[in-house]
Amino acid sequence: MRRLWWRVEGKIVEGLIALARWLGPRRASALGGAVTRALGPWLPVSRIGRRNLELAFPASDAAWRERVLRGAWENLGRTALELPHIPALQRTESGPGWELVGAEHIPPGETRMIFVSAHLANWEVLPLVAAQFGLRMGSLYRAPDNPHVDAALLRMREGGQALDLFPKGSRGARLALRHLAAGHALGLLVDQKLNEGLELPFLGHPAMTAPAPAELALRFRCPLIPAHVERIGPGRFRIVLEPPLALPDTGDRHADARSVMLAVNRRMEAWVRARPEEWLWLHRRFPARFYKGAAPPPG
């Protein structure tokens, strides 16, 4: 029965990809956003989103948090139906596509670097920057449990910016290390739920934080560049690169990694607070004790 459902689910995903391509980037983005904005807040996972917003913005009122939650659902729906169009997006000053701020922060002639980012706006456009600078980018990837869905998503990426994908886990970590050692670039999203790592403050509360970006940057002494995406229209984005973070060298590698990841969390926190409707609020970013009795939909 599970295999039958997997095939059905795979066909549904293929159909949505085909529909999004037929609609074009603007209309696909609008449709995805409208559907999830209407339905998302009623799904059980929205309880987590509401609780996260309470924790991150304790002085806000319920109406404001609900607007942000609906905006976050809209952004997620837009992101989903924009995905088939990403391989064809171009750097442009108008219409669907992307613009870049902070290109001067890419060190000239450097090919080994780490971009550290978060699930903001449509984070899948970040690899497009690599093509502009001739970088071979790799990233960690959690494959869907359904192999048919995984195959459909991988086919969807074909024809776009080449991206080496490494499975999350110990094998993927070794492959990412080898990729960086060969002089290539990595793009890492480090704002998700984690059960281990470093417990560091994020949005005013302790959150387990992956130390990999700091540990790799310290090991190779390569630039660690904060980068994030801002949504400025349907299928249109601004990619913002910031100056590479300082890499201490005190002789205490654990303390140095902690210091760097504190800086990373501060940058991500600033991005989220500036554009809260563009962040993915729907995962348990904080310890389990914070989610007991998470609020249901209002009314």
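Read-outs: derived from the displayed coordinates by stated rules, not from any lab. Being a predicted model, the structure only gives us computed values, none of them experimental. We place every Cβ from the backbone using ideal geometry, glycine too, and count neighbours over all the protein chains shown.
Applying the Karplus parametrisation 6.51 cos²θ - 1.76 cosθ + 1.60 with θ = phi - 60° to the phi angles of the range 79-87, what ³J(HN,Hα) value in whole Hz is obtained for each residue in order, glycine and proline being reported as x?
4, 4, 8, 7, 3, x, 9, 4, x
Return Val101, Val116 ranked ascending by Cβ neighbour count within 10 Å, so the fewest neighbours appear first.
Working: Val101 12, Val116 28.
So the residues, fewest neighbours to most, are Val101, Val116.
Cα convex hull of the range 162-212: mean projected area in nm², to one decimal? Intermediate results must be reported in sequence, preceding the final value.
On the way: hull surface 17.0 nm².
Orientation-averaged projected area of the Cα hull: 4.2 nm².
Amide H neighbours of Leu186 under 5 Å, at least 5 residues apart or on other chains, H built in the peptide plane: list them.
Met113, Ile114, Phe115, Gly138
Which order do Leu282, Leu4 fall in if you start with the one that has the fewest other Cβ atoms within 10 Å?
Numbers: Leu282 20, Leu4 8.
By the 10 Å Cβ count, ascending, the order reads Leu4, Leu282.
Given a cut-off of 33 Å, what percent of all Cα-Cα pairs of the chain lie beyond it?
Details: 10599 of 44551 pairs.
Value for the chain (Cα pairs over 33 Å): 24 percent.
What fraction of the Cα pairs in the range 150-287, stated in percent, has a spacing above 26 angstrom?
Numbers: 2786 of 9453 pairs.
Of all Cα-Cα distances in the range 150-287, 29 percent exceed 26 Å.
Do the sum for the chain: with -39,500 (n - 2.57) for every DSSP H run of n ≥ 4, divided by all residues, what is the mean residue ellipticity at 222 nm, to the nearest 500 deg cm²/dmol? Could you put the intermediate results ahead of the total?
On the way: 9 runs with 129 residues, N = 299.
The helix-only estimate for the chain comes to -14000 deg cm²/dmol at 222 nm.
For the range 72-169, what is the charge dipole size about the Cα centre, in debye to the nearest 20, if Lys and Arg each add +1 at the Cβ and Asp and Glu each add -1 at the Cβ?
240
What is the sum of charges, Lys and Arg at +1 and Asp and Glu at -1, for the other residues whose Cβ falls under 13 Å from the Cβ of Val35?
Numbers: positive: Arg27, Arg37, Arg70, Arg78; negative: Glu74.
Local charge sum for Val35: +3.
Calculate how many DSSP beta bridges within the chain are antiparallel, expressed in % of all such bridges and rounded to the nearest 5. It would help to have the intermediate numbers written out before the result.
Values: 12 of 32 bridges.
Within the chain, antiparallel bridges account for around 40 percent of the total.
All other residues with a Cβ under 11 Å from the Cβ of Ala182 taken together, and with Lys, Arg as +1 and Asp, Glu as -1, what is their net charge?
On the way: positive: Arg112, Arg136, Arg178; negative: Asp164.
Surrounding charge for Ala182 is +2.
Above 26 angstrom, tally the Cα pairs of the range 28-160 and express them as a % of all pairs, no decimals.
Working: 3320 of 8778 pairs.
Of the Cα pairs, 38 percent sit more than 26 Å apart.
In what order do Thr250, Thr79, Thr92 fall by count of nearby beta-carbon atoms within 10 Å, going from fewest to most?
Details: Thr250 8, Thr79 25, Thr92 11.
So the ranking, lowest neighbour count to highest, is Thr250, Thr92, Thr79.
What are the ³J(HN,Hα) values, in whole Hz, obtained from phi via the Karplus relation 6.51 cos²θ - 1.76 cosθ + 1.60 with θ = phi - 60°, for each residue of the range 220-233 in sequence order, with x given for Gly and Pro?
Once rounded to whole Hz, the list reads 9, 6, 10, x, 10, 10, x, 9, 8, 10, 10, 8, 10, x.
Over the chain, calculate the relative contact order: mean separation of alpha carbon pairs under 8 Å at least 6 apart, over the residue count, as a percent.
Values: 501 pairs, mean separation 79.1, N = 299.
Answer for the chain is 26 percent.
With θ taken as phi - 60° and the coefficients 6.51, -1.76 and 1.60, list the Karplus ³J(HN,Hα) couplings across the range 184-201 in order, rounded to whole Hz; mark glycine and proline as x.
Values per residue, Gly and Pro as x: 9, 9, 10, x, 10, 9, 10, 10, 8, 4, 8, 9, 9, x, 9, 8, 10, x Hz.
Which value, in debye to the nearest 20, describes the size of the charge dipole of the range 1-98 about its Cα centre when Lys and Arg Cβ atoms bear +1, Asp and Glu Cβ atoms bear -1, and nothing else is charged?
Values: 16 positive and 8 negative charges, 64 e Å.
Charge dipole of the range 1-98: 300 debye, to the nearest 20.
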